[in-house]
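What follows is a single structure, written as structure tokens, with notes after it.
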Amino acid sequence: DVVPALFPALASFAIISSVAGTGGTVALVRAILARLRKAAVDIGEASPHVVRSLSRRLSRELIAFASEDEHWARRAFLQPRCLAGGVFALVLLRLCARARGALVASLSLMKPPDEELDEDLKERLLTSVQRPPWGAGLPQAPLSGIWRPYLFSLKEAHENLSEIHAMLGITARPKEKMTMEQITEGVRRVLLFKYVQLLQVTDLYWSQEQAECIARALADDCGLGGNDERGGLEECVTQGLPTSVPWKAPAWLQLSQRVSIAALRPIFLHLWGWTSRYIETPCGMMHVYDSMPEAKGATALPPLLVQHGMFVTGWSMALLARLLTRSGRRVILPDYFDFDNSLSISDPSLTGGRPARRVADRLQCLVTVVQDILGSGAAEVDLVGHSFGGYMVARLASQCDRLGLPVRKVVLLGPGGPVIDLSHNPSVSRFLNDPMGEIEANKPRWLPAAPLKAVARSALGVLLSPNNCNTLLGLEYSEYLGSRDFGSKHPTLLLWGDKDEVAKPRKAEPLGRCLKACFPHIDAYWVKGGGHNIQIDSVLTVARAMEAWLDHGGCDAESTTSLADVLLLPTRTELRGMELPANNAEDQSTSTEVLRSRL
């Protein structure tokens with residue numbers, strides 16, 4: 001509040017000092033200090049009204065002081081260039097004041113970062129480490145040779161073995177050489193991951209004998225039958241993640257994140273001409289950026305709902321959305337509820353006092369956004385989502401079908417859900433469970449550990465912040481990674497970075513079968529060199545492919561030479577078609593209905 005109040009004095013000082021020279025500026029500073037001592041006002045503690053009154057008086061005295069100085073008057077008269085510099089400084093100060101006001105307005109709308117874990121998540125994590133590893137046994141013992149209902153049921157046997165190998169953090173041997181005791185421990189951890197709620201209500205959970213029965217069934221399906229080797233548990237990483245989260249990011253890092261995100265909002269509103277508005281949903285007022293909210297009735301191109309992924313907000317999709325608006329397409333970017341720095345904050349009176357983090361809550365709110373878009377006169381809508389947003393728009397398309405809301409096409413960008421590997425790197429699992437221990441064990445002997453640990457703490461403070469843990473770890477297995485409602489019968493385009501290590505895709509063969517079962521009408525492409533955020537690092541290629549596919553069904557886009565294309569040339573790359581199994585009317589083994597009935 002002090003800076004705007006001092007603006008008259010700062011502006012006068014800027015103009016006068018620009019033409020007063022060094023000596024004149026020193027005299028000005030002395031005059032200011034003398035006036036402040038005379039006023040006996042503490043600027044830091046005074047009210048804005050007092051400071052503003054003082055600033056105006058000080059401005060008048062500075063001008064009077066300068067007009068009495070013949071040297072300054074002569075320089076100002078003889079060197080109008082200097083006076084122009086002062087006017088420029090005045091304009092710059094005014095722009096800075098306006099930018100500050102816009103920044104403060106943006107920050108006031110943003111959700112502050114979470115400080116603690118949600119109580120239900122905290123209880124689940126504590127249960128996972130405090131309860132005995134083995135229970136009295138499930139009331140209905142697993143049948144011999146059956147593993148699928150207990151492990152990652154949507155994945156094949158070799159995929160489950162890989163998940164267990166990575167989850168245990170075993171780096172000393174390949175997955176095919178794991179001992180039966182190690183596989184049994186891995187089965188226990190998968191059961192704990194999927195069914196931790198069972199430990200909160202009863203002692204009748206899996207016994208060691210039951211877990212070994214499941215492990216033997218899995219080993220047999222992987223061709224490892226007859227493996228009776230014991231031991232090797234010392235090679236497994238200790239489960240330290242539940243007791244170490246959340247990590248707190250340094251205050252300067254949190255502040256820089258918030259300010260950077262807040263600074264983007266004026267660009268969207270004033271430079272790009274988007275509208276920031278709120279839509280009433282069952283969880284509260286949901287914020288969206290809308291490129292053309294005034295568009296009424298049917299248009300040549302259906303509106304496009306663009307949904308961001310996890311741990312970010314709508315800004316992460318803004319560059320792609322901007323490119324997609326060049327052809328006159330209306331684009332709407334919703335913000336999920338209750339993400340850090342989100343402009344959508346749930347209403348506790350509508351959510352029962354809890355944040356709106358459940359997939360069902362988010363799905364219900366997105367349905368309301370689609371209804372709002374269609375209510376403006378659009379005949380149908382296209383959907384696109386990245387990462388967790390890709391999973392959500394696939395669910396949204398199916399939900400819209402059930403509700404009779406017309407959806408035309410769906411685009412998935414590096415989606416999450418059942419199509420990704422959960423744990424694909426044993427070294428990452430070891431680091432997440434014991435980061436400081438892994439740094440000590442693997443750093444070069446000549447390198448001190450302190451700076452590495454400081455960097456690791458900062459990185460973990462971003463990755464495993466309270467809000468990120470609440471958002472990801474708070475989801476149940478059946479909601480996201482094990483969802484059986486993932487899929488859509490609409491024409492679907494899949495673009496996936498072939499270097500994605502965040503939402504890492506499953507192996508090609510099982511991935512292809514899963515995609516064809518869940519999305520019968522899919523066109524799938526790898527983005528060469530693309531990481532997880534292909535909507536940023538490969539945005540030009542992604543935007544062109546999306547435009548071409550949405551408009552005429554193919555990804556062969558015509559090259560353009562606009563200024564944006566030239567500036568974004570480094571994000572241009574190639575697409576490579578995925579190898580998917582051909583549709584076969586006689587083979588129904590991969591149909592969604594059959595897969596679900598088996599489950």
So, of the residues in region 190-232 that are of a type in the set (D, E, K, R) and more than 15 Å from G137 (Cα to Cα), which turns out to be surrounded by the most Cβ atoms within 10 Å (Cβ to Cβ)? R216
Residue that is of a type in the set (A, V, I, L, M, F, W, C), within 25 Å of K516 (Cβ to Cβ), open to solvent by 10 Å² or more (accessible area, probe 1.4 Å) and out of contact with any strand residue (DSSP E or B) (no Cβ under 9 Å at 6 or more places or on another chain), where the choices are L403, L422: L422
Inside region 114-123, the number of residues satisfying the requirement of being open to solvent by 30 Å² or more (accessible area, probe 1.4 Å) and either under 14 Å from R189 (Cα atoms) or in a loop (DSSP other than H, G, I, E, B) (or both) is 3
From the option list A454, A459, A449, A397, single residue qualifying as crowded, with 21+ Cβ neighbours inside 10 Å and farther than 19 Å from Q239 by Cα is A397
Being touching a residue at least 12 places away in the same chain (Cβ under 8 Å) and part of a helix (DSSP H, G or I) is the filter here, so list the residues in region 245-269 that pass it. L253, Q254, Q257, R258, V259, I261, A262, A263, L264, R265, P266, F268
Output for region 489-509, where each listed residue is closer than 19 Å to L154 by Cα and not in a loop (DSSP other than H, G, I, E, B): P505, A508, E509
So, in region 350-369, exactly how many residues are part of a loop (DSSP other than H, G, I, E, B) and crowded, with 21+ Cβ neighbours inside 10 Å? 3
Please verify whether region 510-532 includes one or more residues that are surrounded by 22 or more Cβ atoms within 10 Å (Cβ to Cβ), of a type in the set (V, I, T) and either touching a helix residue (DSSP H, G or I) at 6+ places or on another chain (Cβ under 7 Å) or not in a strand (DSSP E or B) (or both). yes
Suppose the filter is of a type in the set (D, E), open to solvent by 70 Å² or more (accessible area, probe 1.4 Å) and closer than 19 Å to L464 by Cβ; does E176 pass it? no
Pair list, Cβ under 6 Å, 6 or more apart: region 495-506 residue in contact (Cβ under 8 Å) with a residue 60 or more places away in the chain, other residue of a type in the set (S, T, Y): L495/Y525; A503/S387
What number of residues in region 349-405 are among the hydroxyl-bearing types (S, T, Y), more than 15 Å from D335 (Cα to Cα) and touching a Pro at 6+ places or on another chain (Cβ under 8 Å)? 2
Counting just the residues of region 437-475 that are in contact (Cβ under 8 Å) with a residue 60 or more places away in the chain and part of a loop (DSSP other than H, G, I, E, B), which one comes out nearest to E116 (Cα to Cα)? S465
Which condition from (1) in a loop (DSSP other than H, G, I, E, B); (2) touching a residue at least 60 places away in the same chain (Cβ under 8 Å); (3) not polar (S, T, N, Q) is the one that E294 breaks? (2)
Being of a type in the set (A, V, I, L, M, F, W, C), assigned to a loop (DSSP other than H, G, I, E, B) and open to solvent by less than 70 Å² (accessible area, probe 1.4 Å) narrows V187, V237 down to just V237
Can you tell me which residues in region 304-341 are more than 17 Å from F388 (Cα to Cα) and open to solvent by 10 Å² or more (accessible area, probe 1.4 Å)? L319, R322, T325, R326, S327, G328, R330, N341
Quick check on this structure: which one of Q130, Q140 is free of Cβ contacts under 8 Å to residues at least 40 places away in the same chain and either surrounded by 17 or more Cβ atoms within 10 Å (Cβ to Cβ) or more than 34 Å from the chain's Cα centre (by Cα) (or both)? Q140
Within region 254-295, count every residue that is at pLDDT below 90 and surrounded by 14 or more Cβ atoms within 10 Å (Cβ to Cβ). 3
Going through region 150-164 one residue at a time, which ones are in a helix (DSSP H, G or I), touching a helix residue (DSSP H, G or I) at 6+ places or on another chain (Cβ under 7 Å) and open to solvent by 30 Å² or more (accessible area, probe 1.4 Å)? S162
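The values are calculated or read from the model by the stated rules, or taken from the named source; none is laboratory data. Just so we're clear, the structure is a prediction, and the values are computed from it rather than from any experiment. Here the Cβ is made from the backbone with ideal geometry for all residues, glycine too, and neighbour counts use every protein chain on show. Side chains are part of the model used for accessible areas, which takes the heavy atoms of the whole protein and leaves out ligands, DNA and RNA. Shrake-Rupley method; radii C 1.70, N 1.55, O 1.52, S 1.80 Å.
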